[in-house]
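Contents: one structure, followed by commentary.
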Amino acid sequence: MKLSRSLGEAEARIALDACLQELQRRGDDAVVAVADNHGELIALWRTDGCGLAPIAIAQNKAYTAARLGRPTGDVGRDTKASGDDVHYHGDARYVGWDGGVPVLHNGACLGAVAVSGLSGEDDLAIADIGVSAILNRLD
């Protein structure tokens, strides 16, 4: 039997708190999504000033990063470089924009944190803060 570890509610709260604190510090609005090791949503937060489109995008970024165990921007750049489309992977939920980051611990992907609503660079930076906050609690 193969057992796997996954993020849960406690880790999702840690990531949300860290990301939301950074968004508040910057004065920015975005959506933060946290997914388990299967890419399924654990938590989602949309700040008051954020639009609606980033809701689905953040969820799909978290899904992609967790399912593939790779940052979403890397997935997008690699598929573009090979001349393929990100949907070549066979899943319409996969996205290739920056902002989805897997939580990798002891060689396993435990889930992902994703941010949407800002530039790709800013989405990625804030998602990284959420992942770091989780990893700091795991070690």
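Bear in mind these aren't lab numbers, they're just calculated from the coordinates by the rules spelled out. Small disclaimer: the values here were computed from a predicted structure and weren't measured. In this analysis, Cβ positions are derived from the backbone assuming ideal geometry, glycine residues included, and neighbour counts consider all displayed protein chains.
Remark: region 30-74 is approximated by an ellipsoid whose semi-axes, taken from the C-alpha gyration tensor as √(5λ), come to 19, 11, 7 Å, largest first.
Using 1/(1 + (r/R0)^6) with R0 = 25 angstrom and r between the beta carbons of L138 and R26, what's the FRET efficiency to the nearest 0.05?
Working: r = 26 Å, r/R0 = 1.03.
About 0.45, to the nearest 0.05.
Spin-label pair D17-A92: with each label point 7 Å from Cα along the Cα-Cβ axis, the two points sit 3.8 nm from one another. If you wrap the tightest convex hull around every Cα atom of region 70-139 and split its volume per residue, you get 91 Å³. Shown for the chain are the DSSP H helices of 24 Å or more along their axis, judged by Cα atoms, with a mean Kyte-Doolittle hydropathy of at least 0.5: 120-138.
To the nearest µm²/s, what D does Stokes-Einstein give for the chain at 20 °C and 1.002 mPa s, using the Kirkwood radius over alpha carbon pairs as Rh?
148 µm²/s
Across region 1-83, Cα pairs under 8 Å and at least six residues apart give a relative contact order of 24 percent.
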